Structure formats: structure tokens, C-alpha cells
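The values are calculated or read from the model by the stated rules, or taken from the named source; none is laboratory data. All of these numbers come straight from a predicted model, not from anything done at the bench. Backbone-built Cβ (ideal geometry, glycine too); neighbour counts: all protein chains shown.
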Amino acid sequence: MAERICRTKANCIPEVLETVVEIAVSIARQSQDQRRRGALFVVGDEEQVLKKSIPLILDPLAGHPKEAKDIRNANVQGTIKELAKLDGAFIISADGYVLSAARYIEASYRNINLPLGFGSRHMAAASISRDTNAIAIVVSESDGVVRIFDNGELIAEIMSGVWELDKIKPHIRGKYERIINREQNMTMILKSSDPKEE
């Protein structure tokens, strides 16, 4: 999935995107067992993303060297899962370093067309992915679904567990494909990259 998304983006490293999605799915799964919580990750085009966001609180990642914030490091992943309890977005560089946490994304609803019921995290994700060359990943607090946005548009939905596909009503507009990954116990719905795919 990450390789397919990164094909259309400059400076997108599939390993980084895949790691962030795995963290998001892990947060969604933890939320099923405990109180639900949401999260927002913005990956890539970090210079522009930081310009279009402000800190909500003192940044808990500030002052740490870049090398200590590699998203591929298990200790960093554990820290991210704990910090996800805070409001605000995580800003992750294209090369996989968590630059900032608890950021407010300056979102604009102009030319964003989200399904009813999507909240402010989804609006921020759609907006920042439209206004920059970043990809945004949301863990929905209301339903535990992980959603990926690119160019202001929902391009993927990931649900923990194996779902009967005829009972899922995707929010993705246009053609999509459904993928069940039994090994990882998840169901994915991806926007079709080929208009001939159903």
C-alpha cells in the first residue's frame, strides 16, 4: 500500500509511510481495548507543514536531537503512542523523523468535501494534504478507522479485523479496491489508481 501511495509523491519513502500507518493501526487497536482516542500524523513536506501549524502546548519533542526521534525506532514508537493522548498532530519528516508533536493544523474547509460525520482531525488532514505535498494519516476517535489523505482527498481506509466486504460502506469517492490482510488481521479499502479497477 505505501509503495503505491509513494509512487505519486516526491520525497515519499514507503518504509516511513508504512511505519506511520502501523503506529496508527496500533493506536486504533489499543483504543478498542481501552477508551477510544484519535491521532493525526502528517508525513513529508515538513517545512511547509510546520509553517501551516502552531504548537498547542510546549512541544514534548523539542530539544531532543533529530537522531533520537527516528520513527523506525521501537522506543520512539512507544513514545508516540503515549503522546497520542494529547491533542494535536505529529509532524514527521519525509525521511522518518518526528519533528514535532501536539501541533494545531491551520485547516481551511475550502474545496474540501468530506463525508458527514468526519470531525476536525479529518478536516485538518484533508486540508494540510491539499495545501502541501504531505500525506496525512488519521486515527478516527469515533470509529477507530485509520484514514489516509492525499491532495485533500481520502485515499485509504484501514479497519482492524477481517470484515465481510459486502457489509462495509467505504467513504472513498470513486472507484476503490478492497484488500483483506489476514496475516495482519486488517481490512483495507484503497482508492483505485487505475480507473478500470472496481
Practice prompt. Name, by its number, the condition in (1) hydrophobic (A, V, I, L, M, F, W, C); (2) at pLDDT below 85; (3) in a strand (DSSP E or B) that does not hold for VAL162.
Written response: (3)
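Any residue at all in segment 62-76 that's within 26 Å of PRO170 (Cα to Cα) and touching a strand residue (DSSP E or B) at 6+ places or on another chain (Cβ under 7 Å)?
Just the residues of segment 62-76 that are within 26 Å of PRO170 (Cα to Cα), to begin with: none.
Among the residues of segment 62-76, not one is within 26 Å of PRO170 (Cα to Cα) and touching a strand residue (DSSP E or B) at 6+ places or on another chain (Cβ under 7 Å), which makes the answer no.
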Worksheet entry | Of the criteria (1) touching a Leu at 6+ places or on another chain (Cβ under 9 Å); (2) touching a residue at least 60 places away in the same chain (Cβ under 8 Å); (3) basic (Lys, Arg), which one ARG36 fails | (1)
Worksheet entry | Hits in segment 8-21 (condition: in contact (Cβ under 8 Å) with a residue 40 or more places away in the chain and either under 12 Å from ASP150 (Cβ atoms) or in a helix (DSSP H, G or I) (or both)) | THR8, LYS9, CYS12, GLU15, VAL16, LEU17, THR19, VAL20, VAL21
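Looking only at strands (runs of 3 or more DSSP E) that fall completely inside segment 43-135, which ones have 1 or more residues that are touching a residue at least 24 places away in the same chain (Cβ under 8 Å) and surrounded by fewer than 19 Cβ atoms within 10 Å (Cβ to Cβ)? First the steps, then the outcome.
Numbers: elements: 53-55, 89-92, 98-105.
Strands (runs of 3 or more DSSP E) meeting the threshold: 53-55, 98-105.
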Discussion item. Please go through (1) at negative phi; (2) without any contact (Cβ under 8 Å) to a residue 40 or more places away in the chain for ASN185 and return the number of the only condition it doesn't satisfy.
Written reply: (1)
Item to complete: Report the residue count in segment 44-94 for those that are charged (D, E, K, R), at pLDDT 95 or above and touching a helix residue (DSSP H, G or I) at 6+ places or on another chain (Cβ under 7 Å).
Response: 4
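Test of understanding: among ALA134, ALA94, ALA89, ALA125, which residue is closer than 30 Å to ALA62 by Cα and touching a Lys or Arg at 6+ places or on another chain (Cβ under 6 Å)?
Values: ALA134 fails: touching a Lys or Arg at 6+ places or on another chain (Cβ under 6 Å); ALA94 fails: touching a Lys or Arg at 6+ places or on another chain (Cβ under 6 Å); ALA125 fails: touching a Lys or Arg at 6+ places or on another chain (Cβ under 6 Å).
After applying the criteria, what remains is ALA89.
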